[in-house]
Every structure is written in C-alpha cells, then in structure tokens.
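Asker: Quick one: this structure, given as structure tokens, is what I'll be asking you about.
The values are calculated or read from the model by the stated rules, or taken from the named source; none is laboratory data. What you are looking at is a predicted structure, and each value in this text was computed from that prediction instead of being measured. Here the Cβ positions follow ideal geometry from the backbone for every residue, glycine too, while neighbour counts run over all protein chains shown. Keep in mind that these areas ignore ligands, DNA and RNA; they rest on the heavy atoms of the full protein, side chains included. Shrake-Rupley method; radii C 1.70, N 1.55, O 1.52, S 1.80 Å.
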Amino acid sequence: MSYSFTINGQARELDVDGDMPLLWAVRDHLELTGTKFGCGIAQCGACTVMVDGQAQRSCVLTVEAAAGSEITTIEGLQSREGQAVQKAWQQVQVAQCGYCQSGQVMSATALLARNPAPDDETIGNAMSGNLCRCGTYGRIREGIHMAAAEIQQTEGDA
C-alpha cells in the first residue's frame, strides 16, 4: 500500500508495509540516516523525529499511523528553535560520541517550540526519555538554556 507524508517540507509517497516502523521508512527508503536506531522500544530517544510538531519515537510509530502527517527529521530541522538548539549544542560542545544527539536535538527543539523559557525541572521532564550513554546531561541542559536565551533575545530584537 502507498502512504503519503510531508517529510522535511517535501511531499513524499512510500509504497511499504503499513506496519513498518517510521524509523526504517525514513532511514532505508528515504535515506535520511540522521535518525538513529537505539533500542527499538521507545525507551532511549535516539530515533526521535517531530510529527506534526510533537517529538515522537519513530521506532514504534508505524508508517500507517504517521501517514498524512508533517514529519521533520534532523536533516530538515530549520525552525528558529531548531537552529538555536543546534548552535547551542556546538557552542557548549554537548556531543561526546554523538549517537544520541539527533534525538536529543529533536526533543529539545520540540520543548522550546512549546515553552521558550523552560526551567530545569521542565527540561528534565521533557528530556527524560532521551538517554545519553556518555552522560552529557549537564551540557544538554546548558545547551537548552543557551538556546532559550537566544530565542528570547531574537524575539526581543524583532
């Protein structure tokens, strides 16, 4: 069966099994390999993408369930929040091994899109589903605060 999506701003159609996890459709059929496989049970967050603006674990979301949605992967992250997060990640040097970082960036971007000034507790709650084996949680939190400050500054300049 054929399923239609908007992925990173482009209309796409895939002829795949509807039970296929979105992760495999994105990686194997669309060749967008920034989204990573981590656990396969939505517990680590490495596969996080945005579906209609919400952070979702693509390893457990089927193609059929995601059909018709607006999907953003790390490759297509162009929002103001996404750009601020990526800039902060580089400045703070968040990544160590980097494997989990696309999922971390996607979750942080979704957080800042709905709450541009999160406190530590809000950040902790929003990011609790993203695991980092290198333990860069302090830098992740610092990066989110830095990105939030940049967003607030650009809003003030506008």
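Asker: Surrounded by 15 or more Cβ atoms within 10 Å (Cβ to Cβ), under 18 Å from Gln104 (Cβ atoms) and touching a Lys or Arg at 6+ places or on another chain (Cβ under 9 Å) - does that describe any residue in the range 59-68?
Answerer: Among the residues of the range 59-68, not one is surrounded by 15 or more Cβ atoms within 10 Å (Cβ to Cβ), under 18 Å from Gln104 (Cβ atoms) and touching a Lys or Arg at 6+ places or on another chain (Cβ under 9 Å), which makes the answer no.
Asker: Would you check which residues across the range 52-65 are assigned to a loop (DSSP other than H, G, I, E, B) and aliphatic (A, V, I, L, M) and list them?
Answerer: Start the filter on the range 52-65 by keeping residues that are assigned to a loop (DSSP other than H, G, I, E, B), which leaves 52-53, 58-61.
Across the range 52-65, the qualifying residues are Val60, Leu61.
Asker: So how many residues does the range 96-131 have that are acidic (Asp, Glu) and touching a residue at least 12 places away in the same chain (Cβ under 8 Å)?
Answerer: First, pick out the residues of the range 96-131 that are acidic (Asp, Glu): 119-121.
Narrowing the set further to residues that are touching a residue at least 12 places away in the same chain (Cβ under 8 Å) leaves 120.
So the count comes out to 1.
Asker: Right, next: Does Gln54 meet the test of being more than 13 Å from the chain's Cα centre (by Cα), open to solvent by 80 Å² or more (accessible area, probe 1.4 Å), modelled with pLDDT of 95 or more and not aliphatic (A, V, I, L, M)? Talk me through it step by step, then tell me what you get.
Answerer: Values: more than 13 Å from the chain's Cα centre (by Cα): no; open to solvent by 80 Å² or more (accessible area, probe 1.4 Å): yes; modelled with pLDDT of 95 or more: yes; not aliphatic (A, V, I, L, M): yes.
For Gln54, the condition - more than 13 Å from the chain's Cα centre (by Cα), open to solvent by 80 Å² or more (accessible area, probe 1.4 Å), modelled with pLDDT of 95 or more and not aliphatic (A, V, I, L, M) - is not met.
Asker: Criterion first (within 25 Å of Gly143 (Cβ to Cβ), at pLDDT 95 or above and assigned to a helix (DSSP H, G or I)) does Gln90 satisfy it?
Answerer: Numbers: within 25 Å of Gly143 (Cβ to Cβ): yes; at pLDDT 95 or above: yes; assigned to a helix (DSSP H, G or I): yes.
Taking the combined requirement at face value, the residue satisfies it.
Asker: Are there any pairs, at least 6 apart or on different chains, whose C-beta atoms fall under 9 Å, with the first in the range 44-58 and closer than 12 Å to Arg114 by Cβ and the second part of a loop (DSSP other than H, G, I, E, B) and of a type in the set (A, V, I, L, M, F, W, C), and if so, which?
Answerer: Matching pairs, first to second residue: Met50/Leu77.
Asker: Then there's this: Can you pull out every residue in the range 15-29 that is closer than 17 Å to Gly76 by Cβ and buried (at least 19 other Cβ atoms within 10 Å of the Cβ)? Step through it out loud before you land on a result.
Answerer: Quick first cut of the range 15-29, residues closer than 17 Å to Gly76 by Cβ only: 22-23, 25-27, 29.
Residues satisfying the conditions are Leu22, Leu23, Ala25, Val26, Arg27.
Asker: Quick check: anything in the range 131-145 in contact with a Gly (Cβ under 7 Å, 6 or more places away or on another chain) and open to solvent by less than 70 Å² (accessible area, probe 1.4 Å)? Talk me through it step by step, then tell me what you get.
Answerer: Just the residues of the range 131-145 that are in contact with a Gly (Cβ under 7 Å, 6 or more places away or on another chain), to begin with: 131.
After this cut, where a residue has to be open to solvent by less than 70 Å² (accessible area, probe 1.4 Å) as well, the list is none.
No, the range 131-145 contains no residue that is in contact with a Gly (Cβ under 7 Å, 6 or more places away or on another chain) and open to solvent by less than 70 Å² (accessible area, probe 1.4 Å).
Asker: A further question on this structure: Is at least one residue of the range 95-108 buried (at least 23 other Cβ atoms within 10 Å of the Cβ) and either at pLDDT below 95 or not in a helix (DSSP H, G or I) (or both)?
Answerer: Yes: one or more hits.
Asker: Take the range 23-51 and flag every residue that is among the acidic types (Asp, Glu) and part of a loop (DSSP other than H, G, I, E, B). Steps first, please.
Answerer: Pass one, the range 23-51, residues among the acidic types (Asp, Glu): 28, 31.
Scanning the range 23-51 gives a single hit, Glu31.
Asker: Only one of Gly68, Gly143, Gly135 is over 20 Å from Ile41 (Cα atoms), part of a loop (DSSP other than H, G, I, E, B) and in contact (Cβ under 8 Å) with a residue 40 or more places away in the chain. Can you tell me which? Steps first, answer last, please.
Answerer: Details: Gly143 fails: part of a loop (DSSP other than H, G, I, E, B); Gly135 fails: in contact (Cβ under 8 Å) with a residue 40 or more places away in the chain.
Selected residue: Gly68, the only one of Gly68, Gly143, Gly135 that is over 20 Å from Ile41 (Cα atoms), part of a loop (DSSP other than H, G, I, E, B) and in contact (Cβ under 8 Å) with a residue 40 or more places away in the chain.
Asker: Determine, yes or no, whether Gln78 is part of a loop (DSSP other than H, G, I, E, B), open to solvent by 60 Å² or more (accessible area, probe 1.4 Å) and closer than 23 Å to Phe5 by Cβ.
Answerer: Details: part of a loop (DSSP other than H, G, I, E, B): yes; open to solvent by 60 Å² or more (accessible area, probe 1.4 Å): yes; closer than 23 Å to Phe5 by Cβ: yes.
Against the criterion (part of a loop (DSSP other than H, G, I, E, B), open to solvent by 60 Å² or more (accessible area, probe 1.4 Å) and closer than 23 Å to Phe5 by Cβ), Gln78 qualifies.
Asker: Another question about this same structure. Step by step: first the residues of the range 81-94, then only those that are without any contact (Cβ under 8 Å) to a residue 40 or more places away in the chain and open to solvent by 40 Å² or more (accessible area, probe 1.4 Å), then the one that is nearest to Thr154 (Cα to Cα). Which residue is that? Let's see the steps before the verdict.
Answerer: Looking only at the range 81-94, we keep the residues that are without any contact (Cβ under 8 Å) to a residue 40 or more places away in the chain, and these are 82-83, 86, 90.
From what's left, open to solvent by 40 Å² or more (accessible area, probe 1.4 Å): 83, 86, 90.
On the way: Gln83: 12, Gln86: 16, Gln90: 19 Å.
It comes out as Gln83.
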